[in-house]
Every structure is written in structure tokens, then in C-alpha cells.
1. Looking for something of a type outside the set (Asp, Glu) and farther than 26 Å from Gly83 by Cβ - is there at least one such residue anywhere in the stretch 334-343?
2. Answer yes or no as to whether Ala271 is away from the ligand (no atom under 16 Å from the Cβ), within 20 Å of the chain's Cα centre (by Cα) and either modelled with pLDDT of 95 or more or hydrophobic (A, V, I, L, M, F, W, C) (or both).
3. Which of the residues that make up the stretch 432-442 are within 15 Å of His208 (Cα to Cα) and either more than 10 Å from the ligand (Cβ to nearest atom) or exposed (fewer than 15 other Cβ atoms within 10 Å of the Cβ) (or both)?
4. Using the structure shown, decide if Ser248 is more than 16 Å from the ligand (Cβ to nearest atom), under 26 Å from Gly434 (Cβ atoms) and either touching a residue at least 60 places away in the same chain (Cβ under 8 Å) or not aromatic (Phe, Trp, Tyr) (or both).
5. Give the number of residues within the stretch 401-451 that are assigned to a loop (DSSP other than H, G, I, E, B), in contact with a Gly (Cβ under 9 Å, 6 or more places away or on another chain) and over 30 Å from Phe284 (Cα atoms).
6. Does the stretch 81-103 contain at least one residue that is among the hydrophobic types (A, V, I, L, M, F, W, C) and at pLDDT below 95?
7. Is it true that some residue in the stretch 171-184 is basic (Lys, Arg) and without any contact (Cβ under 8 Å) to a residue 40 or more places away in the chain?
Amino acid sequence: MFEKVLIANRGEIALRIIRACHELGVRTVAVFSDADAHSPHVREADEAVNIGPAPSRESYLLGERIIEVAKRYGAQAIHPGYGFLSEREWFARAVRDAGLIWVGPPAEAIAAMGSKTAARTLAVANDVPVVPGTTEALRDVAAAREIAKQYGYPILLKAAAGGGGKGMRVVRAEKDLESSLDAARREAKNAFGDDAVYVEKYIEGPRHVEIQIIADQYGNCLSLGERECSVQRRHQKMVEEAPSVAVSPVLRRAMGETAVRAAKAAGYVNAGTCEFLLDKDGRFYFLEMNTRLQVEHPVTELVTGIDLVQWQLRVAAGEKLPFKQDEIVPKGWAIECRITSEDASNGFLPSTGRVSYLHLPAGPGVRWDGGIEAGSEIGLHYDPMLAKLIVWAPDRDLAIERMHRALLELTIEGIETSRDFHLRLMEDDEFRRGEIEIQWLERRLDSLTSVKPRADTARAAAIAAALLADRDRNRGVVVTRSNGSAAASDGAWQRVARLEGLR
Ligand code: MV4
């Protein structure tokens, strides 16, 4: 195992990696920008080095500077986390060329999966099912018309260089083809500097299900099962779970074998994820591969018992995976809510300021992967994700109840967060029935964000106000100890109000 690892990231994922390192007896070097001088990851690491001003381009994206720091401080390896430099082929190569170990896939595997059309071509060549369609760029509208006729409407125009839904247009009828093609080309050109667009059959109402894989350097590659990631808004995931209600053991095995085949075809080593669309009839289609550790990795850890970050470090250090595919069976249910500094009731407007008070949930089956503490300044330089709240329980219903309970325990003051929005989500009947697909959240958004005050809300607010006023008068708070039956008839609002007031 390494003696020292540099973590080229910040926030919750930097802390997550520091914790894995320390459990393995590995010393850690953090890097930080001026904005993060007082951040928890800087304090928790054994050493920390300032690499520049707040903007990422002048700090966390300065690969050469980070490699210099690693060498100067005697780190043998670099873990990139997610985002920032994690999927930059040139950085993976530069780390290797500097004589350091890259805790991630080989630069060649990043390249093989980097272009969406290259990944699609690789998939087709290896019997990995993809959505029916072409891969070559469309020449003109006439060609588009021919291909659309062949596959039948609706079709989806996609940017060849694409990602994140940019340069994507659904076309439902031939009369809209020309204008949609122009629009997709324009958007692709603006976003990627390449106006190549190709055609896929449009899949209606699919789920986004992804398979976590991990591979060692000796040709062993395992599927760690699926994550259900359909609850997303504008391509930002909000809730993830493992397993998926839509995946049977038979389907899990088929998708797992497919993901492993795709990974092996790319010469993959380390942790990675194959993204699929899963349609209403249980057919799955490979979309792309994420060649990094993902935000939502904890739900997989909780249902498999496998510490993904530790195993990333172990396989990077040359260890062999000791698991057999047959032994990897998901146990129970895990759910993750991404806690962001966004005001859901105001169009998810980013919120900034100082975290003036923070109370974290705890108790059975609760995990908090956070990057903030009381006093943290939340600005606009980085991603609004502050933390992940993750729960495990024996089944899905219990996991939803547990997440609801944990969210009620969570208090973040000083900034707006997505906490209340997640509470409403956990209460939603369709979500509770597992009736979710990639468009579900955006359809449901209005009813989730404009919560009509219930009849007893004003009364609950009055109770809270009275309790707070009482506290502020410094007379001590009079707690009426409610017995079980009284608490049940109180209703949820009163219980919340009482709790908030007493805090
Ligand atoms: C699709 C699709 C439906 N049919 N392809 C969006 C981003 C990208 N990487 C792939 N995406 C999609 N491709 C076909 N043929 C629907 C989406 C899609 C989506 C996919 C995964 C997660 C969220 C999504 C949200 C909107 C659309």
C-alpha cells in the first residue's frame, strides 16, 4: 500500500478519500484554494498545500501544479475524486509520466470512453446493446429524413461530441426535422465546437440505471450491481438508490455481465460506471461509461458492504480483487439525498452565505458524507452540493421512512438548502411506489415545491413561535412531555414545530 496519497479535490469527496486513506494507514496530502483555507478537508489531511485562488481554473484544475506538489511532498499516488481533473485523459497520462500512480482508470480507457460516439462504436463491436440508431454524423436533412423513416418517429438527434443533454433534440414528426437539426447543430457547435449530430430512436419514459464495476490489474472485473438514478432535474441527480425496484436478479446479472464486457473492451482498471436506459419493457441500452468514482457510490457501498474508495486505492497499488461475482448480492436498501445550497422553492436558485448552525442526523443506518461545518462560507465558485445524506435499511419502505426521519433531524441554518424538498420527495406517493423515470421529477416539480400549507400549519407555526419566544425570554422552555398517543394525534407538523422550537 502507498505511504502517502495526494487528493486532488475538495469538499465531501476529499474528506471521503482522506477517511479511506487513514483506515488503510496511508498519509494524506490535501490541496486547497484560497476559498477553502478553512475547509474541513484541509484540517483532516495530514498535510495541506495552497494551490491558488478560488476559481477552479486557477487552482483545482492546475494539473501540473498538483503533480509538482505530489512530488515535493513525497506522495506516491494521486486520487482525483470526481469532477475537476478526474476524467481528463491528459492528466491521467501526466500523472503516470511523472512516475506517480493514478488512482483511476488508464488514460487509454478514459480516451476510449470519452467520446460518446467512440463509446457507442466500442459497445456495438462487443455485443453491448445500444439504442437503435446511427453513429456517423448526419450529412444533411435529406439523409436525416431517410434514417428517421427507417427507425420511425420519435427520434432523438444527439451531438456526437455530446454529453449532459446539450445538442439533443426530440423530433416527433417529419415536419419538425429540419428546424430541430439546425437547432441541435447550433447547440452542439456552441457547446463542443463540433456540429456533428447523429440519430437514435427516442426511448419514451425510461429509467436511468447504472452499473458499478471494479477491475484489478490482473483481468478480474466485477459488477457491484445497479443504482437507480432516475430522480434528476436538468441532468442533475437529486436522489439515488440501490438496488432498483425495476431490476430483478435475472436483469441484474444480464446488465452486470454487459457492463463488465464494456469495461473489459476498454481495457478498464479501477472503479467505473456504465450508464444505461432501462425501458418500460425491461430492455436496457448502454449510454456511456463514467470513468471515475461517482457522487452516488455510497449507496452501492451500503448494499454490498464493499468500500469502493479503499478498493480503488488497493487495486491501484496492485492488489488483487478477492471477491467472486456470485458472492456479490445486494443486501437491503440504500438511498442517498444530495443536500445542495439551492432554494427549491425559488427555481433551485443557488444560495450563498455562512452556515450559522448545523445539526446532523445520526442513529441506526444513517451516514453523512459532508464537506461543511458550522461556520463554512458557501460561495459560487464550486458545485452547490454540500453533502450527501445516505441511509440503509432492510427494505425500501423502511429506507424511505429512515431517510424522512434523518432529514427531519437535519438542521442547516444560514443558507437555503434542498433539505425541505427532499422531505417532500420522501412523502410523495409516486416516489414511494417506485413509479419513477427520468422525466418524473420535472413533471412533479410544481407539486413538490409549492407545498400548499395544510390546515394545521398556522397552528404549528404558532406553537413554534411561542416556544422560540419563551426560549428567547431566557425562562427555560416548558416541555410538555407528550405520551405516545398524544404525539400521534399531534400530527407531523406539530411534532416538527415542537422539535424546531425546542432546538
Ligand atoms: C436518450 C434518451 C432517450 N432516448 N437517448 C441524456 C444525456 C445523455 N447522456 C443521454 N440522455 C438521454 N438519452 C435516447 N435514445 C433520454 C436521455 C435523457 C436522460 C438520460 C439519463 C438521465 C437523465 C436523462 C434526462 C433526460 C434525457
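1. No, that holds for no residue.
2. In short, yes.
3. Of everything in the stretch 432-442, those that are within 15 Å of His208 (Cα to Cα) and either more than 10 Å from the ligand (Cβ to nearest atom) or exposed (fewer than 15 other Cβ atoms within 10 Å of the Cβ) (or both) turn out to be Gly434, Glu435, Ile436, Gln439, Trp440, Glu442.
4. Values: more than 16 Å from the ligand (Cβ to nearest atom): yes; under 26 Å from Gly434 (Cβ atoms): yes; either touching a residue at least 60 places away in the same chain (Cβ under 8 Å) or not aromatic (Phe, Trp, Tyr) (or both): yes.
Yes.
5. The qualifying residues number 3.
6. No - not one qualifying residue is present in the stretch 81-103.
7. Yes, the conditions are met somewhere in the stretch 171-184.
Residue by residue, here is whether (1) assigned to a helix (DSSP H, G or I); (2) farther than 30 Å from Leu251 by Cβ; (3) within 12 Å of the ligand (Cβ to nearest atom) holds:
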{"site": "Asp127", "(1), (2), (3)": "no, no, no"}
{"site": "Leu156", "(1), (2), (3)": "no, no, yes"}
{"site": "Ser180", "(1), (2), (3)": "yes, yes, no"}
{"site": "Ala188", "(1), (2), (3)": "yes, yes, no"}
{"site": "Asp195", "(1), (2), (3)": "no, yes, no"}
{"site": "Glu200", "(1), (2), (3)": "no, no, yes"}
{"site": "Ile203", "(1), (2), (3)": "no, no, yes"}
{"site": "His208", "(1), (2), (3)": "no, no, yes"}
{"site": "Ile213", "(1), (2), (3)": "no, no, no"}
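The values are calculated or read from the model by the stated rules, or taken from the named source; none is laboratory data. This is a predicted model, so every value here is computed, not measured. Cβ: placed from backbone, ideal geometry, glycine included. Neighbour counts: every protein chain shown.
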